[in-house]
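Some notes on the structure that comes next.
The values are calculated or read from the model by the stated rules, or taken from the named source; none is laboratory data. None of these values were measured; they are calculated from a predicted model. Every residue, glycine as well, gets a Cβ built from its backbone with ideal geometry; the counts of neighbours run over all protein chains shown. When the accessible area is computed, the model is the full protein with side chains, heavy atoms only, and any ligands, DNA or RNA have been set aside. Shrake-Rupley method; radii C 1.70, N 1.55, O 1.52, S 1.80 Å.
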Amino acid sequence: MRSSSAPPFGAAALLFFLSGAGALVVETTWLRWFRPLFGATAPAASATLVAFFAGQALGAAAGARLARRAANPLAGYARLEAAAAAWALAVPALLALGAAAGGSVYDALREWPAALTALRFASALAATLPAAFCFGATLPMLGSALIAEVRGLGVRGAALYGVNTAGAATGAALAAFLLPDWLGVRAGYGVGLALLLLAAAGAALLARRGAAAPGPPPAPKPAASPAGSGPGDRRLAALAGISGFGSFATQVLLVQSFALVLDQSVYAFGVVLVTVLVCLATGALVLAGLESRRRLAPDRVARALLAAAAVGLAAFPALFVSATDGLEILASARPWPGYLWASLGLALGTAGPALLAAAGVLPATFALAARGGGAGPRPGARLGALAAANTAGAIAGALAAPYVLVPGVGLWPAFAVLAALYALASGAVPRASLARVGTVLAVACAALGLARPWELPSVRLEPGERLVALEQGAAGIVAAVQDRGGLRLQTDNHYVLGGTAEQVHEERQGHLPLLLRPGARRVAYLGSATGISAGAVLAHPVEHLAVVEVVPAVASLAADVFRPFNRDVYADPRSSVVLDDARNFLRATQERFDVIVADLFVPWRAGTGSLYTREHFRAARERLLDGGVYCQWLPLYQLSEEEFQIVAATFLDVFPEAGLWRGDFYGRFPIVALVGHAGRPAAAAAIQAAATRLGEAGETDRWVTHPLGLWSLYVGPLAAFGAAAGEVPRNSDDRPRIEYGAARARARRGSEGAFVGIAFQAFAEQLRRIAASQGDPLHPDLSPEARRAGDGGHALQAAGALYVAGRGRESARALAAAAARLPRSLLADAPADDSAAEVWRAE
């Protein structure tokens, strides 16, 4: 015999809060785990959302049916939470099986990116669908336990949704800001599973204490339609679907918008996600409070919310552009943790009004269903049907925004499309009339006419700059911009991927690793960008070059606009273009290479830190042929000393035979290369001969064509750092120290704490001193002239460091010392070389 008493709402709502927090910790971790499968790409984010929402939609629909028949829905809810935790526990193993299966056909499918993405998505969906299904079924099942009558949907249904979403916001904040950094990814995932199990145990305890399901509600009035079959139900389902579409399409567009001023770190993504979830929760809880007083007609509330959402979305682009005018990267303007609070403030101040209005639309459908009455045997079923429609709309929005709206009309006009959609959705509100719908449309049109988002520029240009080419898509805004210095390629307004002004410097990044493996035939270049560095590889006698670029628009513009400067590398018959994440390429391909070159990767960008992990370096070593070379370029101006040491120590674990090389002698913006050898390094004489041949082939960069110039770039064996590296933490998939540490360091210090100038010079001096006393295990056969050239390069580096530190006299003495040690054709009798050091600018 069933008890007629419902469980205490407050206790059950607290459990649902914990469930929401656990689910978002799990989902956010899935996004991280999808990176090895999809790469750190827009499809990875879309796949996570779609896989999660697909399971939730199916679960909500199934839960709506199960809720009608459940004898004890609270016990059923407990079982669903436990099942979700169990299936989530299996996700890592299931993803690993999918990755292994995909790797077996990777090389055959990589020429067809769409087919490869479909295969990966199927793998991700199969791994996560069962857990997501259970998540989706929880709302209708718990609603059936807590809501005795349909008229309670407007208050208790909205409150449950709001409390669960508030938990989700908390979980998103934990997973984005704290857990991976503090505990590690696996332990953080364990926290999410523990929250799910806690919710399951609490619900089971409440059910065991006799708090069973309420009895069936009173019989519906004869005039009422069965659940989900009447025209009113279909209208509410349509409205719920539009709400899901709009909310998640807006979230995707906001991620792209804030990428224009934030630094694209894990914190930046977390800011947008938390903002959206906080607004969704707030909107639901406010609607629940309003409905409890029953003072407002829900159809009027729904129309007002749709009109407000339309106005807010129409106005957002202009508000955002005005609020961020002159602000290039927010991290540069706010120290940590003020950066985080300023980012949240910017998001709430510009997007908050639209998000809050949009957030109330789904709870308004609950209120409309409650006022309509007569829904069927259990209100939980009605709740599940609306949730399923909303989640199905969210799937469509998560796909349409990055792959249809942005490429089709552009970022800012996409907000206008969503504004129009919300206005038109007023026609789905019950008791809609032509006059009422017309009023909402008139308000939206007036807002669009005033804001005119389609007239806002996609790229912010400074005086003297000209937009040459532009592509907008799922990965963001990619532009080729011409200024007095030359042509540059940039993403999202501020990330410069390279340009013609630094052509010689960029080509050096391709030449150096090829010289260290004379006779290399098979080469992979990871992160080709403009193609200038990768194109330099073609100056060597290579037979095959894999050009790997994660952003299709970057490859497209580089192949077109930068063709005169990159040796047409994207079309050269020796090249194969791979549109994929660099890490995923190395893990999945069966190809092996003589040389793999990894370009400069921004360390704090979400996903990029994984390219500095132990796992990635191991994958690279496995893809090297005997005697092969892996070269990882590092932007010292984007790393603190601590982060450099973490990367170097991690690299040394995988490549014990590794050297540190300069890419230049800059004091302010130096780059260096970690060069790992899979076997014995080439003889010094062979390396010098390769440099001579490069000069004879017509290359003019004296630092890589003079047989001694190359050794001026050599800092020393990284093994000399080995003793100190023992106490340095490592960067791994489980402990993403670079991804979090670099983001915090940038926000805390900007470029002030970068490992450049005097600080790096001191490290290089220590490395050379240890190598001099213990011997150089990499190049013991260096001639006295080559060693002297190395000393000259070190002095030239010191001159640059002292120069940017404002110590002019010391810089001049160091420059004289460099001139005394280097061949006259490199320095004393050579023209100034701005591609190598700032110090010449003072000459």
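Listed values, structure above:
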| read-out | value |
| --- | --- |
| Criterion violated by Leu195 - all others in (1) open to solvent by less than 20 Å² (accessible area, probe 1.4 Å); (2) under 30 Å from Thr365 (Cβ atoms) satisfied | (1) |
| Pair list, Cβ < 6 Å and 6+ apart or interchain, from segment 291-320 residues that are on the phi < 0 side of the Ramachandran plot to residues that are open to solvent by 50 Å² or more (accessible area, probe 1.4 Å) and of a type in the set (D, E, K, R) | Pro298/Arg371; Asp299/Arg431 |
| Identity of the residue in segment 532-552, at pLDDT 95 or above and surrounded by fewer than 21 Cβ atoms within 10 Å (Cβ to Cβ), that ends up nearest to Val578 (Cα to Cα) | His544 |
| Matching residues in segment 573-609 - criterion: being open to solvent by less than 20 Å² (accessible area, probe 1.4 Å), within 28 Å of Trp30 (Cα to Cα), not in a loop (DSSP other than H, G, I, E, B) and not aromatic (Phe, Trp, Tyr) | Val578, Ala582, Arg583, Asn584, Leu586, Ala588, Ala598, Gly609 |
| Members of segment 146-177 found to be among the polar types (S, T, N, Q) and either more than 37 Å from the chain's Cα centre (by Cα) or surrounded by fewer than 24 Cβ atoms within 10 Å (Cβ to Cβ) (or both), listed by number | Thr170 |
| Tally, over segment 277-299, of residues that are under 11 Å from Ala367 (Cβ atoms) and part of a helix (DSSP H, G or I) | 8 |
| Residue within segment 384-397 that is without any contact (Cβ under 8 Å) to a residue 40 or more places away in the chain and in a helix (DSSP H, G or I) present | no |
| Condition check for Leu327: part of a loop (DSSP other than H, G, I, E, B), modelled with pLDDT under 90 and either over 18 Å from Leu260 (Cβ atoms) or in contact with a helix residue (DSSP H, G or I) (Cβ under 7 Å, 6 or more places away or on another chain) (or both) | yes |
| Complete set of residues in segment 674-706 that are in contact with a Lys or Arg (Cβ under 8 Å, 6 or more places away or on another chain) and of a type in the set (A, V, I, L, M, F, W, C) | Ala678, Ala682, Trp703, Val704 |
| Pair list, Cβ under 8 Å, 6 or more apart: segment 49-71 residue over 18 Å from Val26 (Cα atoms), other residue hydroxyl-bearing (Ser, Thr, Tyr) and crowded, with 21+ Cβ neighbours inside 10 Å | Ala60/Thr391; Gly63/Thr138; Ala67/Ser144; Arg68/Ser144; Ala70/Ser144 |
| Pairs, first in contact (Cβ under 8 Å) with a residue 12 or more places away in the chain in segment 562-584, second of a type in the set (Asp, Glu) and part of a loop (DSSP other than H, G, I, E, B), C-beta under 7 Å, six or more apart | Arg574/Glu543 |
| Failed condition for Ser576, given (1) more than 26 Å from Leu660 (Cα to Cα); (2) touching a Phe, Trp or Tyr at 6+ places or on another chain (Cβ under 7 Å) | (2) |
| Helices (runs of 4 or more DSSP H) within segment 655-737 that include 2 or more residues farther than 20 Å from Gly790 by Cα and more than 30 Å from the chain's Cα centre (by Cα) | 684-696, 722-725 |
| Qualifying helices (runs of 4 or more DSSP H) (wholly inside segment 473-565; at least 3 residues being more than 22 Å from Leu710 (Cβ to Cβ)) | 552-561 |
| Extreme residue, modelled with the lowest pLDDT, among residues of segment 88-115 that are crowded, with 19+ Cβ neighbours inside 10 Å and under 19 Å from Thr28 (Cβ atoms) | Leu95 |
| Residue within segment 772-780 that is buried (at least 17 other Cβ atoms within 10 Å of the Cβ) and among the small types (Gly, Ala, Ser) present | no |
| Given (1) open to solvent by less than 10 Å² (accessible area, probe 1.4 Å); (2) at pLDDT 95 or above, index of the condition Ser528 fails | (2) |
| Verdict on Ala555 being over 22 Å from Leu639 (Cα atoms) and in contact with an Asp or Glu (Cβ under 6 Å, 6 or more places away or on another chain) | yes |
| Among (1) in contact (Cβ under 8 Å) with a residue 24 or more places away in the chain; (2) surrounded by fewer than 15 Cβ atoms within 10 Å (Cβ to Cβ); (3) within 15 Å of Ser712 (Cα to Cα), the one test that Ala789 misses | (2) |
| Thr705 vs. criteria hydroxyl-bearing (Ser, Thr, Tyr), farther than 23 Å from Arg769 by Cβ and open to solvent by less than 30 Å² (accessible area, probe 1.4 Å) | yes |
| Whichever residue in segment 816-839 is touching a Gly at 6+ places or on another chain (Cβ under 9 Å) and either assigned to a helix (DSSP H, G or I) or of a type in the set (Ser, Thr, Tyr) (or both) and, among such residues, is most open to solvent (accessible area, probe 1.4 Å) | Arg821 |
| Set Leu346, Leu355, Leu306, Leu386: member being under 19 Å from Val252 (Cβ atoms) and at pLDDT 90 or above | Leu355 |
| Where Ala118 falls short, out of the listed (1) buried (at least 18 other Cβ atoms within 10 Å of the Cβ); (2) at pLDDT below 90; (3) of a type in the set (Gly, Ala, Ser) | (1) |
| Residue satisfying all of: in segment 59-87; in contact with a Gly (Cβ under 9 Å, 6 or more places away or on another chain) and basic (Lys, Arg); modelled with the highest pLDDT among these | Arg65 |
| Lone qualifier among Asp599, Asp594 - being closer than 15 Å to Val523 by Cβ and under 26 Å from the mean Cα position of the chain (by Cα) | Asp599 |
| Subset of segment 410-431 [among the hydrophobic types (A, V, I, L, M, F, W, C) and without any contact (Cβ under 8 Å) to a residue 24 or more places away in the chain] | Val417, Leu424 |
| Answer from Val561, Val569 - the residue that is open to solvent by 10 Å² or more (accessible area, probe 1.4 Å) and at pLDDT 95 or above | Val561 |
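Residue by residue, here is whether (1) closer than 24 Å to Ala259 by Cβ; (2) part of a strand (DSSP E or B); (3) open to solvent by less than 50 Å² (accessible area, probe 1.4 Å) holds:
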{"position": "Trp412", "(1), (2), (3)": "yes, no, yes"}
{"position": "Ala416", "(1), (2), (3)": "yes, no, yes"}
{"position": "Ser426", "(1), (2), (3)": "no, no, yes"}
{"position": "Val443", "(1), (2), (3)": "no, no, no"}
{"position": "Leu450", "(1), (2), (3)": "no, no, no"}
{"position": "Leu461", "(1), (2), (3)": "yes, no, no"}
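For every residue, the table says whether it meets (1) at pLDDT below 90; (2) within 20 Å of Pro140 (Cβ to Cβ).
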{"site": "Asp181", "(1), (2)": "no, no"}
{"site": "Arg186", "(1), (2)": "no, no"}
{"site": "Ser225", "(1), (2)": "yes, yes"}
{"site": "Gly232", "(1), (2)": "yes, yes"}
{"site": "Gly246", "(1), (2)": "no, no"}
{"site": "Gln264", "(1), (2)": "yes, no"}
